[in-house]
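Following: one structure in structure tokens, then a few remarks.
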Amino acid sequence: MPGPVLVPILGDQLTRTLASLGGRTKADTVILMMEVCDEATYVRHHKQKIVLVFSAMRHFAEELREAGWTVDYVRLDDPNNAGSFTGELARAIERHDPRLVSVVEAGEWRVRQDMDQWADKFACEVEILRDDRFVCSQAEFDDWAKDRKELRMEFFYREMRRKTGLLMDGNEPAGGQWNYDSENRKPPKEGLAAPERPKFEPDGITHEVIDLVQSRFGDHFGSLERFGWPVTRVEAERAADAFFAERIECFGPYQDAMIAGQDDLFHSMLSTSINLGLLDPLDLCRRAEQAYRDGKAPLNSVEGFIRQIIGWREYVRGFYFNQMPGLAEANALDAHRPLPEFYWTGETEMACLADCIRSTRDNAHAHHIQRLMVLGNFALLAGIEPQAVEDWFLVVYADAYDWVELPNVAAMILYADGGKLASKPYAASGNYINKMSNYCSGCRYKVSQKTGEGACPFNPLYWHFLARHRDRFEKNPRIGRIYASWDRMGEVKQREYLESAAAFLDTLEPAAEGWARQPCA
Ligand code: FAD
Ligand code: DLZ
Ligand code: SF4
């Protein structure tokens, strides 16, 4: 008798329609799911992320078993646990003697490298299938990218709109424009409040995982108290229903707004579920379009939401595999300052950073504009070493996977790729944060003060950044003109800016070693 087909399903592949399950018969298939120490500790993930992934994996295994599949589930506390995907696959091959291992390509470069060795390592046949949960295949992205001097999301996004037919009226974009971003930059008005998103009470499975994570990874960053992420498809669907019913209308206009203490605002908070595979991104886009077609949501909100998914999400994934492995080492701006300690402790008098780090610690989440224009902007202006910033972003967010975190951090916020992904760095002074948030009114620094003791640190840091990278950005069509303002200031004012920035940078305590990475115990 030939052995069964062995189907390994990784922690971010929790999708019933996964390509490796297509056309399989239940009697002839063993599904392998593995909790392994390597994955829990290649960076010291936020505790909520480990709970989320393990709990979602255990619930998914239950769901598959209830549907009649045979699932071989290896728990982290199995005394024989080999600690790695490859080690566990070797043990499973001994147990089941499969005729074929069929697996969907891993989302992370690191794991893909290991997976590529499996065919040589093991005696049985190994097939690696394309992850068809993305609209754009890698071959298609590479083909789109190959003769372009610059890769720009906007043009890629239009291709994806045409390909999916989303928000298309024939050959034309719905409403006559491709992009309604100019309507999506409203500052938060006084009293603006978003409805609370649903939180999901931990059940028995989640509680068991919480205990495991407390005992094995209790010293990792972050708090578990507020854990309320969807861990099943049903919960994730409920979270999506609530977004479409209550928050999508304001999603667009207030996409860039920030309010102290209001951690979610009108964001969907669906990235953890999409990235795990609990929600189908294309299906969410179709629901968003339907809301627009039914007159239940405005076009600027719906187009903005769809652009984040079939635009940015697809684009960064294509970009990641197109640029790896070099992207992980890139440091075009030659930035070498260590990550400040306050990124881990939240202990800073800068109210904007303190609030974003508090939300990150409590929720394993911060919304896009907090990641981009506060946490990211500071790291860019202060010249923090890209690899340290990348590690931080990979550790702290429940939705973080290398394929999506790295392009956003290295290329979008730090310009470490030298401008392949974005046409300019997202550098901003305190003015921007003041306009888009209520942070500055509660800050010990004065946003209107440009230099000297008490000035908002973003103000001198902004000019310090531009001055030190003048050679690179002076000819940039999108920000080059700013140097005329710098030149008009005159030497005395310029020196004040540079000295204020340098004095502030001198006060930054570098983070202790070992926050982000430690070997598997
Ligand atoms: P919404 O604001 O509701 O957006 C809807 C969906 O669009 C998101 O769920 C997400 O799937 C997608 N999306 C939006 N922006 C992006 C983007 N720039 N790249 C890819 N997908 C996007 N997203 C991650 O999923 N994982 C990460 O590790 C991650 N790291 C980031 C790091 C930085 C420095 C920045 C600037 C952005 C990062 N993002 C990351 C993108 C974005 O911030 C999150 O997807 C978003 O905050 C998740 O919250 P939400 O579901 O409420 O998103
Ligand atoms: C993030 C994560 C964690 C913490 N643990 C596991 C695990 O034990 N087993 C597993 O299959 N997946 C885990 N994951 C998600 C993986 O890191 C993710 O599937 C791969 O990195 C994608 O290449
Ligand atoms: Fe942040 Fe500066 Fe505003 Fe303080 S004054 S909250 S540091 S932008």
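Quick notes on this structure:
- The single condition among (1) free of Cβ contacts under 8 Å to residues at least 60 places away in the same chain; (2) of a type outside the set (G, A, S); (3) over 30 Å from R517 (Cα atoms) that D211 does not satisfy is (3).
- Test result for N322, among the polar types (S, T, N, Q), farther than 30 Å from D241 by Cα, at pLDDT 95 or above and in a helix (DSSP H, G or I): yes
Here is a yes/no grid of residues against (1) touching a His at 6+ places or on another chain (Cβ under 8 Å); (2) open to solvent by less than 90 Å² (accessible area, probe 1.4 Å); (3) on the phi < 0 side of the Ramachandran plot:
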residue	(1), (2), (3)
W486	no, yes, yes
M489	no, yes, yes
V492	no, no, yes
E496	no, yes, yes
E499	no, no, yes
A502	yes, yes, yes
D506	no, no, yes
P510	no, yes, yes
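- Considering residues of the range 47-79 that are more than 14 Å from I9 (Cβ to Cβ) and more than 10 Å from ligand 2 (Cβ to nearest atom) only, the residue most open to solvent (accessible area, probe 1.4 Å): E66
- When residues of the range 365-391 are limited to those that are closer than 19 Å to G514 by Cα and touching a His at 6+ places or on another chain (Cβ under 9 Å), the one least open to solvent (accessible area, probe 1.4 Å): I384
A quick yes/no check of all residues on (1) surrounded by fewer than 21 Cβ atoms within 10 Å (Cβ to Cβ); (2) not acidic (D, E):
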{"position": "G261", "(1), (2)": "yes, yes"}
{"position": "D264", "(1), (2)": "yes, no"}
{"position": "M269", "(1), (2)": "no, yes"}
{"position": "R286", "(1), (2)": "yes, yes"}
{"position": "Y292", "(1), (2)": "no, yes"}
{"position": "K296", "(1), (2)": "yes, yes"}
{"position": "E303", "(1), (2)": "no, no"}
{"position": "R307", "(1), (2)": "no, yes"}
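- Residue identified as away from ligand 2 (no atom under 16 Å from the Cβ), of a type outside the set (K, R) and within 31 Å of the chain's Cα centre (by Cα) among W463, W486: W463
- Any hit, the range 445-461, residues being surrounded by fewer than 15 Cβ atoms within 10 Å (Cβ to Cβ) and part of a helix (DSSP H, G or I): no
- Of everything in the range 112-145 that is open to solvent by less than 50 Å² (accessible area, probe 1.4 Å) and more than 20 Å from R313 (Cα to Cα), the residue that is farthest from ligand 2 (Cβ to nearest atom) is C124.
- Only listed residue being out of contact with any helix residue (DSSP H, G or I) (no Cβ under 6 Å at 6 or more places or on another chain), in a helix (DSSP H, G or I) and within 27 Å of R472 (Cα to Cα), chosen from A328, A335, A354: A328
- Considering only residues in the range 414-435 that are in a loop (DSSP other than H, G, I, E, B) and among the charged types (D, E, K, R), the one that is nearest to H336 (Cα to Cα) turns out to be D417.
- When R444 is tested against (1) within 16 Å of ligand 3 (Cβ to nearest atom); (2) within 30 Å of K49 (Cα to Cα), exactly one condition is not met: (2).
- Scanning the range 10-33 for residues that are near ligand 2 (Cβ under 9 Å from one of its atoms) and in contact (Cβ under 8 Å) with a residue 60 or more places away in the chain yields L10, G11, D12, Q13.
- Condition met for A455 (of a type outside the set (F, W, Y) and away from ligand 2 (no atom under 16 Å from the Cβ)): yes
The values are calculated or read from the model by the stated rules, or taken from the named source; none is laboratory data. Since the model is a prediction, treat every value here as computed from it, not as a measurement. Positions of Cβ are generated from backbone atoms using ideal geometry, with glycine treated the same way; all protein chains shown enter the neighbour counts. Areas reflect the complete protein model, heavy atoms only, side chains present, ligands, DNA and RNA absent. Shrake-Rupley method; radii C 1.70, N 1.55, O 1.52, S 1.80 Å.
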